[in-house]
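The values are calculated or read from the model by the stated rules, or taken from the named source; none is laboratory data. Not measured: the values here are computed from a predicted model. FYI the Cβ positions are ideal-geometry reconstructions off the backbone, even for glycines, and counts take in every protein chain you see. Just the protein is used for accessible areas: all its heavy atoms, side chains included, with ligands, DNA and RNA removed. Shrake-Rupley method; radii C 1.70, N 1.55, O 1.52, S 1.80 Å.
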Amino acid sequence: RIEGAARDWANAVVVTSAELAATLAALKTASKGPSGAAAVRDIRAQLGHLFPANLIEWIPFTRLLNYPRYLRAAQARLSRAVANPGKDAGKSAPFSPLWETFLARRATVRDQEAAQDLRWAFEELRVAIFAPEVTTPVSVTVAKVSTALAALR
């Protein structure tokens, strides 16, 4: 069973790495012009949260399997943001304050399991807002995430 599990992890890492490379290339291209600057900054910050130095130590395998989808959504967002930065800013407006509040509160939350669940709900919300064609496995809305954030203790 160990060999099969290691193979599954390796395959997930290969797929994720390919999508990450595509996302980084898209960021490099988008960085050449001013139109998508806000989205570029936000996606770079998102990648920082998705890929910390200790990623393999804390990421559950089932969550890693979602990374390629998160990265495809970021790529879709980036291409749209470059074409229409105002629309991207409008989509970002309800998301950003919630995310910033979460980041400020998550270290002091007593229920760290609920904080982790909410952290992943934010990734799903990014997909739903910025690249709905990529789809999410669960229904997630700004209202649901806002309610969960308010309930976080």
(message) Among the listed residues 125, 55, identify the single one that is modelled with pLDDT under 95, open to solvent by less than 30 Å² (accessible area, probe 1.4 Å) and within 20 Å of residue 43 (Cβ to Cβ).
(response) 55
(request) Please specify each residue of region 1-56 satisfying the condition of being farther than 24 Å from residue 119 by Cβ, hydroxyl-bearing (Ser, Thr, Tyr) and in contact (Cβ under 8 Å) with a residue 40 or more places away in the chain. (result) 35
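Could you list, in sequence order, the residues of region 65-112 that are more than 21 Å from residue 145 (Cα to Cα) and open to solvent by less than 30 Å² (accessible area, probe 1.4 Å)?
Those that are more than 21 Å from residue 145 (Cα to Cα) and open to solvent by less than 30 Å² (accessible area, probe 1.4 Å): 68, 76, 78, 81.
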(request) Assess whether residue 91 counts as being of a type in the set (Lys, Arg), within 19 Å of residue 130 (Cα to Cα) and under 17 Å from the mean Cα position of the chain (by Cα). (result) yes
(message) Cβ contacts < 6 Å: first residue in contact (Cβ under 8 Å) with a residue 60 or more places away in the chain, restricted to region 134-148; second residue not in a loop (DSSP other than H, G, I, E, B), any location; separation 6+ or different chain. Result?
(response) 134/69; 134/72; 134/73; 134/127
